[in-house]
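Chemist: One structure, pasted below without further comment.
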Amino acid sequence: MEEEKKNKTLTQKIVTGIGIALIVVLVPMLVFNLIIIVKGIGADDPPKLFGTTPLVVLTSSMEDNKNDEWEDLSFPRGCMIFIVDTPFEELKVGDVITYKEGNSLTTHRIVGEGEDSKGKYFLTKGDANNIGDQDAGRPNIYKEDYYGQYKGAHILGFGYFSDFVQKPVGILVVVGVPVIAFIVYDVLTRRKEAKQKQAAAVGQANAKAAEVNAELEAMRKELEALKAKSNDSSSDNSQNNG
């Protein structure tokens, strides 16, 4: 019985630890993504949180960095990167920036700069690309095209997860699965405890019945002894009278 209680306590601790870990990991992620969804409703640009914009990397143009000087700033497809507000005037060659291109955003490295009648501009290139963006026909990057700077902060693989969680099925999975699992575990635990209590009650009832039976048996023997003693006394009196 004591061993069973120890195993039960250990199982409860493990399940509780897993539940806490899921809450610590999944709840902040879910809240983070919900904030992004809410802030992004009706907005033309991605939402910013405290001057930082989370973006999901959809291509591998910055994945294969062959320049050792800039290696620590490259990032693979599928990760989430964080773009910060940096003044356009402070940018220089080698910085990784995000710029608007129609309705989409591109994050590439500055490889050149210049100035014309429209003002200062930058030339960009993906580290894994063979040619620069402007050589491929893209326009120069002016101040009005600039969105923010990438300074190396990213989470590997989180882009896919973030994109998934922002969808209804993703929210259902992230929220629903742990909740359903907890409910199922709680129901099974309660049923097990109910069965154990029922078995304990039956055991107690049986023990009580056995105790009563023992007492009745003792009383029966005591009555038989008294009866036998009474019969002996009656026999002795008959002999004396005779």
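Chemist: List the pairs whose first member sits in region 109-137 and is farther than 16 Å from GLN149 by Cα, whose second member is loosely packed, with under 10 Cβ neighbours inside 10 Å, and whose Cβ atoms are under 6 Å apart, counting only residues at least 6 apart or on separate chains?
Modeler: Close Cβ pairs satisfying both conditions: none exist.
Chemist: Can I ask one more? Among the numbered criteria (1) under 12 Å from VAL93 (Cβ atoms); (2) surrounded by fewer than 18 Cβ atoms within 10 Å (Cβ to Cβ); (3) not small (Gly, Ala, Ser), which one does ILE110 miss?
Modeler: (2)
Chemist: If the requirement is being among the aliphatic types (A, V, I, L, M), surrounded by 15 or more Cβ atoms within 10 Å (Cβ to Cβ), modelled with pLDDT of 95 or more and not in a loop (DSSP other than H, G, I, E, B), which of these qualifies: LEU105, LEU123?
Modeler: Working: LEU105 fails: modelled with pLDDT of 95 or more.
Step by step, each of LEU105, LEU123 is checked, and only LEU123 is among the aliphatic types (A, V, I, L, M), surrounded by 15 or more Cβ atoms within 10 Å (Cβ to Cβ), modelled with pLDDT of 95 or more and not in a loop (DSSP other than H, G, I, E, B).
Chemist: Taking region 65-89, which residues are at pLDDT below 85, surrounded by fewer than 17 Cβ atoms within 10 Å (Cβ to Cβ) and farther than 16 Å from THR106 by Cα?
Modeler: Within region 65-89, LYS66, ASN67, ASP68, GLU69, TRP70, GLU71, ASP72 qualify.
The values are calculated or read from the model by the stated rules, or taken from the named source; none is laboratory data. Since this is a predicted model, take the numbers as computed values, not measurements. Here the Cβ is made from the backbone with ideal geometry for all residues, glycine too, and neighbour counts use every protein chain on show.
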